[in-house]
């Protein structure tokens, strides 16, 4: 066994986190912000990216939902959200399974936070107007790995479905019409 290689593979995330820390201290404006592999935001975004692409399509509705969600749920400006999404795509491509992400979420989030992740996944699944069986399967597996109950998973699905079926408010809504 090549211990040198396995040791260097383990130290890469630590070195990346250290580099990010030093860059933030020194004000290095090299552009993209790097998120540590153990950052719950990266793990959640990678699951959203995985789900969005599982059916072989990533349309404008899904793209817009992903951008809005990452901005609002994680309090990021549009550029930082794009950086996180870009890194999530890369992280998702490198992952061999979902456990890499669910393990981070399980360790760093409480029960309510994990339920919110499942809610975001259902909303992502409905962003294109239809649910694919692969999407359902992924959400079921993630919920199981996160310890989110079947009852909660089904309730969150219904909430996301209801929200997706509601028409978006238009500029002609009854606000201010008196």
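The values are calculated or read from the model by the stated rules, or taken from the named source; none is laboratory data. Note that the coordinates shown come from a computational prediction; the quantities given were computed from them, not determined experimentally. Cβ coordinates were reconstructed from backbone atoms using ideal geometry, including for glycine residues, and neighbour counts include every protein chain displayed.
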Output yes when any residue across the range 109-117 is in contact with a helix residue (DSSP H, G or I) (Cβ under 8 Å, 6 or more places away or on another chain), modelled with pLDDT under 95 and in a helix (DSSP H, G or I), and no when none is. no
Got a sec? Which of 56, 31, 75, 27 is at pLDDT 90 or above and on the phi > 0 side of the Ramachandran plot? 75
Please specify each residue of the range 87-107 satisfying the condition of being over 17 Å from residue 138 (Cα atoms) and loosely packed, with under 15 Cβ neighbours inside 10 Å. 90, 94, 107
Evaluate the following for residue 97: is it farther than 21 Å from residue 131 by Cβ and assigned to a loop (DSSP other than H, G, I, E, B)? yes
Flagged in the range 54-79 as touching a helix residue (DSSP H, G or I) at 6+ places or on another chain (Cβ under 8 Å), closer than 21 Å to residue 104 by Cβ and part of a helix (DSSP H, G or I), in numbering order, are 66, 69, 70, 71, 73, 74
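Among the residues of the range 114-137, how many are touching a residue at least 60 places away in the same chain (Cβ under 8 Å), over 17 Å from residue 164 (Cβ atoms) and within 13 Å of the chain's Cα centre (by Cα)?
Number of matching residues: 1.
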